[in-house]
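S.K.: First the structure, which I've put down as C-alpha coordinates, then a few questions once you've had a look.
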Amino acid sequence: MAVLGLIVGLIIGALIGRSDPDPSESVSLIRTSLLSAAGSLDVATVEYQESVEDGAVVSRPEYDGALDAIRSSRGSFEEVRTAVEVLAPERVDSIEELYDEVEAQMEAMAPATEVEATLQELEALLKGQ
(Lines give C-alpha, C1' and ligand atoms only; values in the text may rest on other atoms or scores of the structure.)
Protein backbone atom coordinates (compact mmCIF):
# COMPACT_ATOMS: atom_id res chain seq x y z
CA MET A 1 0.00 0.00 0.00
CA ALA A 2 2.88 2.39 0.71
CA VAL A 3 4.25 1.79 -2.79
CA LEU A 4 0.82 2.51 -4.25
CA GLY A 5 0.64 5.74 -2.23
CA LEU A 6 4.05 6.74 -3.52
CA ILE A 7 3.03 6.03 -7.11
CA VAL A 8 -0.16 8.04 -6.71
CA GLY A 9 1.83 10.82 -5.06
CA LEU A 10 4.25 10.91 -7.96
CA ILE A 11 1.44 11.00 -10.49
CA ILE A 12 -0.40 13.80 -8.73
CA GLY A 13 2.85 15.65 -8.13
CA ALA A 14 3.60 15.50 -11.82
CA LEU A 15 0.08 16.65 -12.62
CA ILE A 16 0.29 19.68 -10.35
CA GLY A 17 3.93 20.40 -11.06
CA ARG A 18 5.49 19.59 -7.70
CA SER A 19 8.65 17.56 -7.34
CA ASP A 20 8.05 16.31 -3.78
CA PRO A 21 4.48 14.97 -3.63
CA ASP A 22 3.01 13.92 -0.31
CA PRO A 23 1.05 10.67 -0.81
CA SER A 24 -1.62 11.55 1.76
CA GLU A 25 -2.07 14.97 0.17
CA SER A 26 -2.30 13.32 -3.23
CA VAL A 27 -5.00 10.93 -2.09
CA SER A 28 -6.86 13.88 -0.57
CA LEU A 29 -6.68 15.76 -3.90
CA ILE A 30 -7.99 12.71 -5.75
CA ARG A 31 -10.84 12.29 -3.30
CA THR A 32 -11.72 16.00 -3.53
CA SER A 33 -11.82 15.89 -7.33
CA LEU A 34 -13.98 12.76 -7.34
CA LEU A 35 -16.38 14.25 -4.79
CA SER A 36 -16.57 17.41 -6.88
CA ALA A 37 -17.38 15.29 -9.92
CA ALA A 38 -20.08 13.48 -7.96
CA GLY A 39 -21.52 16.76 -6.65
CA SER A 40 -21.95 18.09 -10.17
CA LEU A 41 -24.14 15.09 -10.92
CA ASP A 42 -26.64 16.26 -8.30
CA VAL A 43 -26.93 19.53 -10.20
CA ALA A 44 -27.37 17.62 -13.47
CA THR A 45 -30.19 15.56 -11.96
CA VAL A 46 -32.17 18.57 -10.76
CA GLU A 47 -31.60 20.60 -13.92
CA TYR A 48 -32.59 17.70 -16.17
CA GLN A 49 -35.76 16.94 -14.19
CA GLU A 50 -36.80 20.57 -14.59
CA SER A 51 -35.95 20.78 -18.28
CA VAL A 52 -37.33 17.72 -20.09
CA GLU A 53 -40.90 16.43 -20.19
CA ASP A 54 -42.32 13.78 -22.50
CA GLY A 55 -39.19 13.73 -24.67
CA ALA A 56 -39.09 17.48 -25.24
CA VAL A 57 -37.08 20.33 -23.76
CA VAL A 58 -39.42 22.62 -21.82
CA SER A 59 -36.72 24.84 -20.37
CA ARG A 60 -33.59 25.43 -22.42
CA PRO A 61 -31.57 27.11 -19.60
CA GLU A 62 -32.07 24.14 -17.28
CA TYR A 63 -31.35 21.65 -20.07
CA ASP A 64 -28.13 23.46 -20.93
CA GLY A 65 -27.32 23.57 -17.20
CA ALA A 66 -27.72 19.80 -16.97
CA LEU A 67 -25.35 19.25 -19.89
CA ASP A 68 -22.88 21.76 -18.42
CA ALA A 69 -22.99 19.95 -15.08
CA ILE A 70 -22.13 16.67 -16.81
CA ARG A 71 -19.22 18.33 -18.61
CA SER A 72 -18.03 19.85 -15.33
CA SER A 73 -18.26 16.48 -13.60
CA ARG A 74 -16.36 14.76 -16.36
CA GLY A 75 -13.70 17.49 -16.27
CA SER A 76 -13.19 16.94 -12.53
CA PHE A 77 -12.86 13.22 -13.16
CA GLU A 78 -10.43 13.73 -16.04
CA GLU A 79 -8.15 15.77 -13.74
CA VAL A 80 -7.46 12.63 -11.70
CA ARG A 81 -8.18 9.90 -14.26
CA THR A 82 -4.54 8.78 -14.43
CA ALA A 83 -4.36 8.36 -10.67
CA VAL A 84 -7.68 6.48 -10.59
CA GLU A 85 -6.29 4.15 -13.25
CA VAL A 86 -3.51 3.28 -10.81
CA LEU A 87 -5.75 2.98 -7.75
CA ALA A 88 -8.83 1.35 -9.26
CA PRO A 89 -8.32 0.53 -12.94
CA GLU A 90 -11.50 -1.55 -13.08
CA ARG A 91 -13.58 1.56 -12.31
CA VAL A 92 -12.23 3.83 -15.03
CA ASP A 93 -13.91 2.07 -17.95
CA SER A 94 -17.20 1.85 -16.06
CA ILE A 95 -17.07 5.54 -15.19
CA GLU A 96 -16.30 6.50 -18.79
CA GLU A 97 -19.11 4.27 -20.10
CA LEU A 98 -21.60 5.83 -17.69
CA TYR A 99 -20.58 9.36 -18.69
CA ASP A 100 -21.12 8.41 -22.34
CA GLU A 101 -24.44 6.74 -21.52
CA VAL A 102 -25.85 9.66 -19.55
CA GLU A 103 -24.78 12.17 -22.20
CA ALA A 104 -26.52 10.06 -24.87
CA GLN A 105 -29.64 9.78 -22.70
CA MET A 106 -29.76 13.54 -22.18
CA GLU A 107 -29.22 14.28 -25.86
CA ALA A 108 -32.05 11.85 -26.70
CA MET A 109 -34.21 13.52 -24.04
CA ALA A 110 -34.82 10.23 -22.26
CA PRO A 111 -37.22 10.11 -19.33
CA ALA A 112 -35.83 11.75 -16.21
CA THR A 113 -36.12 8.50 -14.24
CA GLU A 114 -33.73 6.75 -16.66
CA VAL A 115 -31.24 9.61 -16.57
CA GLU A 116 -31.44 9.79 -12.78
CA ALA A 117 -30.75 6.04 -12.45
CA THR A 118 -27.62 6.36 -14.61
CA LEU A 119 -26.48 9.43 -12.68
CA GLN A 120 -26.92 7.60 -9.37
CA GLU A 121 -24.85 4.67 -10.62
CA LEU A 122 -22.13 7.04 -11.84
CA GLU A 123 -22.17 8.98 -8.59
CA ALA A 124 -21.71 5.78 -6.59
CA LEU A 125 -18.68 4.80 -8.67
CA LEU A 126 -17.13 8.26 -8.30
CA LYS A 127 -17.60 8.05 -4.52
CA GLY A 128 -16.04 4.59 -4.45
CA GLN A 129 -19.20 2.81 -3.36
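The values are calculated or read from the model by the stated rules, or taken from the named source; none is laboratory data. Since the model is a prediction, treat every value here as computed from it, not as a measurement. Cβ: placed from backbone, ideal geometry, glycine included. Neighbour counts: every protein chain shown.
S.K.: Within the stretch 107-119, track down each residue that is part of a helix (DSSP H, G or I), aliphatic (A, V, I, L, M) and free of Cβ contacts under 8 Å to residues at least 60 places away in the same chain.
M.R.: Across the stretch 107-119, the qualifying residue is only Ala117.
S.K.: Can you say whether Val57 is more than 20 Å from Leu125 (Cβ to Cβ), of a type in the set (A, V, I, L, M) and surrounded by fewer than 17 Cβ atoms within 10 Å (Cβ to Cβ), as far as the supplied structure shows?
M.R.: Considered against the rule, which asks whether it is more than 20 Å from Leu125 (Cβ to Cβ), of a type in the set (A, V, I, L, M) and surrounded by fewer than 17 Cβ atoms within 10 Å (Cβ to Cβ), Val57 comes out as yes.
S.K.: Could you tell me how many of the residues in the stretch 25-58 are in contact with a Phe, Trp or Tyr (Cβ under 8 Å, 6 or more places away or on another chain), farther than 16 Å from Gly128 by Cβ and assigned to a helix (DSSP H, G or I)?
M.R.: The number of residues fulfilling the criteria is 3.
S.K.: Now for a separate question. Looking at Ala44, Ala88, Ala104, Ala66, which one is of a type in the set (A, V, I, L, M, F, W, C), surrounded by fewer than 20 Cβ atoms within 10 Å (Cβ to Cβ) and at pLDDT 95 or above? Spell out how you get there, then give the answer.
M.R.: Values: Ala44 fails: surrounded by fewer than 20 Cβ atoms within 10 Å (Cβ to Cβ); Ala88 fails: at pLDDT 95 or above; Ala66 fails: surrounded by fewer than 20 Cβ atoms within 10 Å (Cβ to Cβ).
Of Ala44, Ala88, Ala104, Ala66, the one residue that is of a type in the set (A, V, I, L, M, F, W, C), surrounded by fewer than 20 Cβ atoms within 10 Å (Cβ to Cβ) and at pLDDT 95 or above is Ala104.
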